[in-house]
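Note sheet for the following structure.
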Amino acid sequence: MKKALSLLAGAMVGISAMAQNGFFEYTPYVGAFAPQPATRWTDGWTNFDPQNANYGAVTDVITTNITTNTTWTADKVYLLSDAFVRIIPGVTLTIEPGTVIRGTGKGTLIVERGATLNAAGTASNPIVFTSNAPAGSRNYGDWGGVVILGAGTHNLAAGPNAEAEGGIGDAVGGVGIHGGTDNNDNSGVLTYVRIEFCGIALTPNPNSEINGLSMYSVGRGTTVSHIQVSYSGDDSFEWFGGAVDCRYLVAFRGWDDDFDTDNGFSGRVQFACSVRDPQVADQSGSNGFESDNDANGSSRTPKTKAVFSNVTVVGPMNATIDVDSANSNYKRALHIRRNSGIKVFNSIFMGYPDAGFLLDARKTAANYCGDTLEFKANILGGCTNDLKLSSADTLCITNLASFVTLAMGDNDTLNTSEAVMLVSPYTIGNPDLRPQGGSPAVNGSDFSFTEDFLAVEENEVTNLSIYPNPASSIVTVSFNAGAKADAKITLLDLAGKVVSVVPVYQVNNGVNQFTFDVTGLSSGIYMLNIQSASFSKVEKVIVR
């Protein structure tokens, strides 16, 4: 069945934000938050003073694995009592909105590969994982954390049955293992959840800690959104392989790194922020971002190629706390090393003593020069050094000056954190990371990177053709779809600005065709996006 419509007709509805390529939402601003006076997405469900929060007394002590479908209800308070509590494969644990789960010792909730966690809190009733200590006595590492094990890809030498860190994994025993070939794997839902005073160190050995939220080979079928990790004794968020997409993440007063990506993680993260305690950092060196391909910096595949956009990282230094006043273990806003291919866009990094962005090792520099590692449309403010190389002798960057020249083509550097002009980033009990009027973060975003996903999200749309292309008036679009669906058709320029949109368009199973008029558009390249709940297809349109 053929259909025809004009994308530029009078019925067109303009919008300022929309999902691109099935995930990324266009914003004109840089950083995690829209400028003042827009509301903050952290309002209502986060807590920036969990030390003094009053939680109910424990009613149910959990020390054994969950072997049958189970629901934890909001009228009870659960305790993970010094034990690894595993949701066994094939079993679903449902946690009601408003439920409180306390932990002590090595108490950790582990979602085994093939198990499901449905923890869907709400903005008014978040689910809270927290310490069992009374108010005023809680501390870093009072208990373990939340661990999700999936069947997605990773690059560990152990293959599909890799063991999780922190003593969780036992391949011989068949527990705590992750990996496979299914990057669409679904481990359930984790939304509107707080995880507090977690990250216990089980032994003095490295890699024995449990992070706040650990995601091992987690597939993109899993929903992770609106998560706050506070006072973690290790990393707040860490991804080991997998392809899960995440939104609205808060790392608050963590000990080690805020966002750590390893072992071939290829997911996407948009809207995330971190705020640090200037006096608390890890002896290994605390960073906002840390990213490796693997522990050896090898070229094992899949490569770490996560994509982050709209992140705000607030480090320890500001107008009143200088490099000598902050904990000496603080290092870099971003430490990108060991052959990582991470990409970071439209983000703010403030107040780190060693460097804003450290590009570490020859292979990592080669990734940057080859555009498999990108850093664009970002703001670096108040860092002792904006950008650093670990060595002046790299494969493609001959010295630090040339690196700065390359990198600064798309990024802003500011002498102080205050010059970023966020509302109140250092009010640690209620940080407000929105840009003020006149802030350089109010505009300047660049979403041309979404073009990278043209070959990734084909799904049910095939044989897309646009003709004529280049065009100066009427353009015809045809494609095949594998299922009937309501779709949105949007035309954007390369800066991500919406030119026009048809909010609802019915795609039919089989051949689809429509036309639109580009008369009056400026010459240049545009992106046509056909998107439904199950597929997204993007293609270039050239106007002459």
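The values are calculated or read from the model by the stated rules, or taken from the named source; none is laboratory data. Since we're looking at a predicted model, the values are computed, not measured. With ideal geometry, Cβ positions are generated from the backbone for all residues, glycine too; neighbour counts draw on all protein chains shown.
If we scan region 237-252, do we find a residue that is over 17 Å from the mean Cα position of the chain (by Cα), over 15 Å from residue 165 (Cβ atoms), crowded, with 23+ Cβ neighbours inside 10 Å and of a type outside the set (Val, Ile, Thr)?
Initial filter on region 237-252 (over 17 Å from the mean Cα position of the chain (by Cα)): none.
Among the residues of region 237-252, not one is over 17 Å from the mean Cα position of the chain (by Cα), over 15 Å from residue 165 (Cβ atoms), crowded, with 23+ Cβ neighbours inside 10 Å and of a type outside the set (Val, Ile, Thr), which makes the answer no.
Exactly one of (1) in contact with a helix residue (DSSP H, G or I) (Cβ under 6 Å, 6 or more places away or on another chain); (2) closer than 25 Å to residue 23 by Cα is unmet by residue 196. Its number?
Status for residue 196: all satisfied but (2).
Which ranges mark the strands (runs of 3 or more DSSP E) fully within region 200-253 that have 3 or more residues being touching a Leu at 6+ places or on another chain (Cβ under 9 Å)?
On the way: elements: 213-216, 223-230, 237-240, 246-252.
So the answer is 213-216, 223-230, 237-240.
Table: residues versus (1) of a type outside the set (Asp, Glu); (2) within 25 Å of residue 71 (Cβ to Cβ); (3) crowded, with 24+ Cβ neighbours inside 10 Å; (4) touching a helix residue (DSSP H, G or I) at 6+ places or on another chain (Cβ under 9 Å).
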{"residue": "123", "(1), (2), (3), (4)": "yes, yes, no, no"}
{"residue": "146", "(1), (2), (3), (4)": "yes, yes, yes, no"}
{"residue": "150", "(1), (2), (3), (4)": "yes, yes, yes, no"}
{"residue": "161", "(1), (2), (3), (4)": "yes, no, no, no"}
{"residue": "191", "(1), (2), (3), (4)": "yes, yes, no, no"}
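Quick check: anything in region 468-476 crowded, with 17+ Cβ neighbours inside 10 Å, in a strand (DSSP E or B) and either out of contact with any Lys or Arg (no Cβ under 8 Å at 6 or more places or on another chain) or at pLDDT below 85 (or both)?
yes
Do we have any residue at all in region 354-376 that's in a loop (DSSP other than H, G, I, E, B), under 26 Å from residue 442 (Cβ atoms) and in contact (Cβ under 8 Å) with a residue 60 or more places away in the chain?
no
Show the residue pairs that are 6+ apart or on different chains and have beta-carbon atoms under 7 Å apart, the first residue being within region 304-326 and closer than 22 Å to residue 260 by Cα, the second being in a loop (DSSP other than H, G, I, E, B) and charged (D, E, K, R).
304/292; 313/258; 314/276; 315/276; 316/276
On the basis of being touching a Ser or Thr at 6+ places or on another chain (Cβ under 6 Å), closer than 23 Å to residue 31 by Cβ, modelled with pLDDT of 95 or more and crowded, with 16+ Cβ neighbours inside 10 Å, does residue 291 make the cut?
Spelling it out, residue 291 is indeed touching a Ser or Thr at 6+ places or on another chain (Cβ under 6 Å), closer than 23 Å to residue 31 by Cβ, modelled with pLDDT of 95 or more and crowded, with 16+ Cβ neighbours inside 10 Å.
Out of curiosity, is residue 89 without any contact (Cβ under 8 Å) to a residue 24 or more places away in the chain and either surrounded by fewer than 19 Cβ atoms within 10 Å (Cβ to Cβ) or touching a His at 6+ places or on another chain (Cβ under 8 Å) (or both)?
No, not satisfied.
Has region 422-433 got any residue that is farther than 29 Å from residue 376 by Cβ, surrounded by 16 or more Cβ atoms within 10 Å (Cβ to Cβ) and modelled with pLDDT of 85 or more?
Yes, there is a match, as at least one residue in region 422-433 is farther than 29 Å from residue 376 by Cβ, surrounded by 16 or more Cβ atoms within 10 Å (Cβ to Cβ) and modelled with pLDDT of 85 or more.
Conditions (1) without any contact (Cβ under 8 Å) to a residue 24 or more places away in the chain; (2) not in a loop (DSSP other than H, G, I, E, B), marked per residue:
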| residue | (1), (2) |
| --- | --- |
| 102 | no, yes |
| 109 | no, yes |
| 130 | no, yes |
| 138 | no, no |
| 141 | no, no |
| 172 | yes, no |
| 182 | no, no |
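State whether the residues of region 402-420 include one that is surrounded by 18 or more Cβ atoms within 10 Å (Cβ to Cβ), at pLDDT 90 or above and in a loop (DSSP other than H, G, I, E, B).
yes
Is it true that some residue in region 67-82 is in contact with a Phe, Trp or Tyr (Cβ under 9 Å, 6 or more places away or on another chain), not in a strand (DSSP E or B) and not hydrophobic (A, V, I, L, M, F, W, C)?
Scanning region 67-82, I find at least one residue that is in contact with a Phe, Trp or Tyr (Cβ under 9 Å, 6 or more places away or on another chain), not in a strand (DSSP E or B) and not hydrophobic (A, V, I, L, M, F, W, C), so the answer is yes.
If you go through region 316-327 one residue at a time, do you hit one that is of a type in the set (Val, Ile, Thr), assigned to a helix (DSSP H, G or I) and farther than 20 Å from residue 272 by Cα?
No; the residues of region 316-327 include none that is of a type in the set (Val, Ile, Thr), assigned to a helix (DSSP H, G or I) and farther than 20 Å from residue 272 by Cα.
Which pairs do you get when a residue that is under 14 Å from residue 164 (Cβ atoms) and hydrophobic (A, V, I, L, M, F, W, C), found in region 200-220, comes within reach of a residue that is at pLDDT below 75 and surrounded by fewer than 24 Cβ atoms within 10 Å (Cβ to Cβ), reach meaning Cβ atoms under 6 angstrom, with the pair 6+ apart or on two chains?
Pairs found: 202/208.
Going by what's in this entry, would residue 167 be described as assigned to a loop (DSSP other than H, G, I, E, B) and under 25 Å from the mean Cα position of the chain (by Cα)?
Answer is no for this residue.
Just to verify a result, which residue in region 268-283, among those that are assigned to a loop (DSSP other than H, G, I, E, B) and either without any contact (Cβ under 8 Å) to a residue 60 or more places away in the chain or under 16 Å from the mean Cα position of the chain (by Cα) (or both), is nearest to residue 375 (Cα to Cα)?
Per the stated criteria, the residue is 276.
Of everything in region 504-535, what is closer than 13 Å to residue 487 by Cα, β-branched (Val, Ile, Thr) and at pLDDT 80 or above? Give them in sequence order.
Scanning region 504-535 gives a single hit, 530.
Going by the structure shown, is residue 27 within 30 Å of residue 313 (Cβ to Cβ) and either touching a helix residue (DSSP H, G or I) at 6+ places or on another chain (Cβ under 6 Å) or crowded, with 21+ Cβ neighbours inside 10 Å (or both)?
When the stated conditions are applied, residue 27 passes them.
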